[in-house]
Amino acid sequence: MDAAQQEATARARELQRNWYGEPLGALFRKLIDDLGLNQARLAAVLGLSAPMLSQLMSGQRAKIGNPAVVQRVQLLQELAAQASDGSVSAAEATERMEEIKKSQGGSVLSNTTQTTSGSGAPTVKRVVREIQSLLRSVAAAGDIIDAADALTTTHPELAEFLRVYGAGRTSDAVAHYQSHQN
């Protein structure tokens, strides 16, 4: 890979980090490991071609263009967390992956069984990711920061929200949410 390709890949991974909280290669590898998938199966569940998944993982492409695919990624992340903590069996995970594969998207802030904790309430991380997805589906992180800067003097609370949820990392947004609940 020449210097220009390396620079483009690094730029794409940084964009992915801004949009999705981490590079898609790392995110997809976690899903593959946690759910016992291979790349072809992951691509099928997400509704992507295998070459497209490979390009996203390697940083040759930066953005998932289809909001329904982004929502499936989020649903798989929630499922992977449940599989990791043992609250979902391997058989249940396989069944839920088939449901996720068939899902056509819909409301970004949906409240289905895949988006909830054991108590029936949406998990904080899930809500944060949905807010991030919604914001990032309409603007890039740099544009969100620019909007936050423009709102700083007139609406400081909205500016902070945009910085933390729209352009920040998921873990920082979760911590911010939890600190404001007390």
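From 81, 62, grab the single residue that is at negative phi, assigned to a helix (DSSP H, G or I) and of a type in the set (Gly, Ala, Ser). Please lay out each step first, then the result.
Numbers: 62 fails: assigned to a helix (DSSP H, G or I).
Going through 81, 62 in turn, the sole match is 81.
Does the stretch 81-90 contain at least one residue that is at pLDDT below 80 and not acidic (Asp, Glu)?
So far as the stretch 81-90 goes, no, none of its residues is at pLDDT below 80 and not acidic (Asp, Glu).
How many of the residues making up the stretch 155-182 are more than 17 Å from residue 134 (Cα to Cα), in a loop (DSSP other than H, G, I, E, B) and open to solvent by less than 90 Å² (accessible area, probe 1.4 Å)?
Number satisfying all stated conditions: 1.
List every residue pair whose Cβ atoms lie under 6 Å apart, where the two residues are 6 or more positions apart in sequence or sit on different chains, the first residue falls within the stretch 77-100 and is closer than 20 Å to residue 21 by Cα, and the second residue, located anywhere, is modelled with pLDDT under 90.
Note: pairs meeting the criteria are 78/114; 78/126; 82/88.
Could you grab me the full set of residues in the stretch 32-52 that are aliphatic (A, V, I, L, M), part of a helix (DSSP H, G or I) and either touching a Phe, Trp or Tyr at 6+ places or on another chain (Cβ under 7 Å) or over 23 Å from residue 135 (Cα atoms) (or both)?
Passing the criteria: 32, 35, 40, 42, 43, 44, 45, 50, 52.
Considering only residues of the stretch 1-31 that are outside any helix (DSSP H, G or I) and within 22 Å of residue 173 (Cβ to Cβ), which is modelled with the lowest pLDDT? Lay out the reasoning, then the answer.
Residues of the stretch 1-31 that are outside any helix (DSSP H, G or I), as a first pass: 1-2, 21-23.
Okay, now just the ones that are also within 22 Å of residue 173 (Cβ to Cβ), so 21-23.
On the way: 21: 87, 22: 91, 23: 94.
That would be 21.
What are the residue pairs meeting all of these: first residue in the stretch 4-26, first residue under 19 Å from residue 145 (Cβ atoms), second residue polar (S, T, N, Q) and assigned to a helix (DSSP H, G or I), Cβ atoms under 6 Å, and 6 or more apart or on different chains?
That search, which allows pairs on different chains as well, returns 21/170.
Hey, could you check the stretch 116-135 for residues that are aliphatic (A, V, I, L, M) and part of a helix (DSSP H, G or I) and say which is modelled with the lowest pLDDT?
Restricting attention to the stretch 116-135, the residues satisfying the condition of being aliphatic (A, V, I, L, M) are 121, 124, 127-128, 131, 134-135.
Now drop any that are not part of a helix (DSSP H, G or I), which leaves 124, 127-128, 131, 134-135.
Working: 124: 77, 127: 77, 128: 78, 131: 80, 134: 74, 135: 77.
Ranking the candidates gives 134 first.
Mind listing whichever residues of the stretch 65-78 are open to solvent by 50 Å² or more (accessible area, probe 1.4 Å) and assigned to a helix (DSSP H, G or I)?
Hit for the stretch 65-78 is 67, nothing else.
The values are calculated or read from the model by the stated rules, or taken from the named source; none is laboratory data. Given the structure is predicted, the values throughout are model-derived calculations rather than measurements. Note that we place each Cβ from the backbone using ideal geometry, even for glycine, and neighbour counts take in every protein chain shown. The protein model used for the area step is the full one, side chains on, heavy atoms only, and it has no ligands, DNA or RNA in it. Shrake-Rupley method; radii C 1.70, N 1.55, O 1.52, S 1.80 Å.
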